[in-house]
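Right, one structure below, let's go through it.
Bear in mind these aren't lab numbers, they're just calculated from the coordinates by the rules spelled out. The structure presented is a predicted model; accordingly, all values stated were derived computationally and were not measured. Because the Cβ atoms are built from the backbone with ideal geometry, glycine has one as well, and the counts that use them run over all protein chains shown.
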Amino acid sequence: MMPDTVFPVEMVGGVPVVTTPEQVDITNADGLRAALLESAGHGQLVVDMSRTEFCDTAGLHALVAAHKQALAEGGELRLVVAGAAVQRIFAITGLSRVIPGFTSLQEALTQPRSRTGFAPPS
Amino acid sequence: MTAVDPVPVEARLRDIQSITDAALSRLDELGLLAELLDRIREIMHVDTAAVLLLDASSGQLIATAAVGLEEEVRQGVRIPVGRGFAGRIAAEGRPVVLDHVDHTTVLNPILWDKGINSMMGVPMTAGRKVIGVLHVGSLTHRRFTSYDIELLQLAADRAATAVQSMMAQADRVASTALQLSLVPSALPEVSGIRMAARYVPGRGVLGGDWYDVFTLPSGELCVAIGDVAGSGLAAAVIMGRMRSALRAYALETPDPGEVLDRLDRKMRHFEPDALATVLYAVIDTAREQMRICLAGHFAPVIAVPELPAEPVRAAAGLMVGIGDAARRPVTTVTIPPGALLCFYTDGLIERPGELIDDGLARLCRVVTAQPVETACAAVMAALIGSEPARDDVALLMIRRRTEGDDDA
């Protein structure tokens, strides 16, 4: 096993924001999972995937684990998704219907909690 | 404590050499652990030495090798992380020295029954993770020095390397055996249908890709393919459970959506951390129609004679392991005579730095309504080529026979 990549967690207005790299896969998913689960302890959490162009099942696994934990803490995990490739993966896996998605970090941080899924629906 | 170390340099070198001796690496890992414990006992003048390994799933340390304390291993001693002597070392990730041993300091009664007076233990680490504990004990009162701790830590590092390689090897052997028992070794002979398949593990590590083909008492043909998140033995075990559960639900209900719904509920209850994509389809006895349901998996590609191949238009449904009130849609697909259905896992079409649709388009260009073995070979050659696959690849081709068809 390679040493895990460390994912920095930035606090923006009291909300932890984890930014994912261009590729999220089996080589760095453990590090991502650790950062996400730590942040999901706060309840509210934003994962900024706007730079990400590839996310495999290991990456999805980390996101889903954090999503479940955030829900259990009474909060929610919000995704910022910009790339078509990642949007496509979330559509195929159905995750776009259960994890709220936003097109910008600003939006993810300011939108009130009311809906789930990506906007606009496609 | 003492500022001057009483151990002469030559003795130190001899001690260190005894532990790092290259001859040790010629032993298999369990042999190495036993030999290492023997040498530790000798050079450190202690009476007992033992290795406990962390079982991550239970959060317990399990006695794996011991000298002077063999009953620890024989009785399968388990110590929860955080409790007792070894549990504290694992929880804190640093050495612990005990100058008296009784029920207040040590959890395992074997250690106090044995009459051990002083103990010292260090964590075994790989990367930044604690994978076990190495401890030594003395029947007579003993004040362990910083030199003793250093030496024991050196031995623990050596043992950790051996254990890592032992566990990786065991995981590989077991998951390979399991995987081979799970993916059908021979596809069933079914009327009106020809089938061929490929399974290639990625980078020598088995992931959680699987497929299954079986008939129902009605004569209908069922096809399942999926990808369990994770790799190695853990993923293979979950895969095996999913495969059996899906077969059981397939016998109970004709609706593919209901089968996946039950499978999802079963997985969420018994394997709450598992996440998987699954495709499940039922082909009727005339082999004219297929009812298909997707749980986060790619729709198959269909190639009809004389037409370009395209992905089957089946609505997406949520992956297994998340939970959502919505039912996954079931789509009915017509299979014209001679048409070829290509089921696959993401390893076939996903490449970093490339859109999935590009990979999918590449697949559609290669799939044509031809005999299944030729079709498999053509797809593997075009999409995998001679590069070692970075992820598992599972591929299953099913073709509806035409009259006078000689697809063998």
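List of remarks:
- Inter-probe distance in nm under a simple model that places probes 7 Å from Cα toward Cβ, at A:Arg113 and B:Leu139: 6.3
- Here A:Lys68 is the anchor, and the lysines within straight C-alpha reach of less than 27 Å, apart from those fewer than 8 places off in the same chain, are B:Lys129, B:Lys266.
- Per-residue Cβ neighbour rank within 10 angstrom, fewest leading, B:Met239, B:Met167: B:Met167, B:Met239
- Mean projection of the Cα convex hull over all viewing directions, computed for the protein assembly as shown: 29.4 nm².
- Most fluctuating residue given options A:Gln69, A:Gln87, A:Gln111, as computed from a GNM of chain A linking Cα atoms under 10 Å: A:Gln111
- Computed magnitude of the charge dipole of region B:278-408 (debye, nearest 20; Cβ of K, R +1, Cβ of D, E -1): 360
- Selection from B:His297, B:Leu341, B:Ala309, by position along the positive dipole direction of region B:186-400 (Cβ): B:Leu341
- Kyte-Doolittle mean at least -1.0 and Cα axial length at least 20 Å: DSSP H helices in chain A: A:57-72
- Two-decimal Rg/Rh across region B:186-400, once Rg and the Kirkwood Rh are taken from alpha-carbon atoms: 0.94
- Choice from B:Gly347, B:Gly317, B:Gly76 with maximal GNM fluctuation in chain B (Cα, 10 Å cutoff): B:Gly76
- Linear extension gain, B:Gln169 paired with B:Glu373, 0.36 nm per residue minus alpha-carbon span: 70.1 nm
- For region A:15-110, the calculated P(r), taken from all Cα-Cα distances in 10 Å bins from zero up to the bin holding the longest distance, is 18, 57, 24, 0 percent.
- Comparing A:Thr110, A:Thr19, A:Thr57 in a Gaussian network model of chain A (Cα springs below 10 Å), the most mobile by mean-square fluctuation is A:Thr110.
- Charge tally in the Cβ shell below 13 Å around B:Ala90, where Lys, Arg are +1 and Asp, Glu are -1, B:Ala90 excluded: +3
- Approximate shape of region B:9-174 as ellipsoid semi-axes (Cα gyration tensor, √5λ), whole Å, largest first: 22, 21, 14
- R0 of 56 Å, Cβ-Cβ distance B:Gln75-B:Asp324: FRET efficiency to nearest 0.05: 0.75
- Shielding by partners, peptide A:90-100 (average Cβ within 10 angstrom, other chains): 6
- Solvent-free Debye scattering, log10 I(q)/I(0), computed from the Cα coordinates of chain B at q = 0.09, 0.13, 0.14 Å⁻¹: -0.68, -0.98, -1.08
- Legend: helices of chain B (whole DSSP H runs) are marked when their alpha-carbon atoms reach 15 angstrom or more along the helix axis and their mean Kyte-Doolittle hydropathy is at least 0.5; marked are B:232-252, B:372-383.
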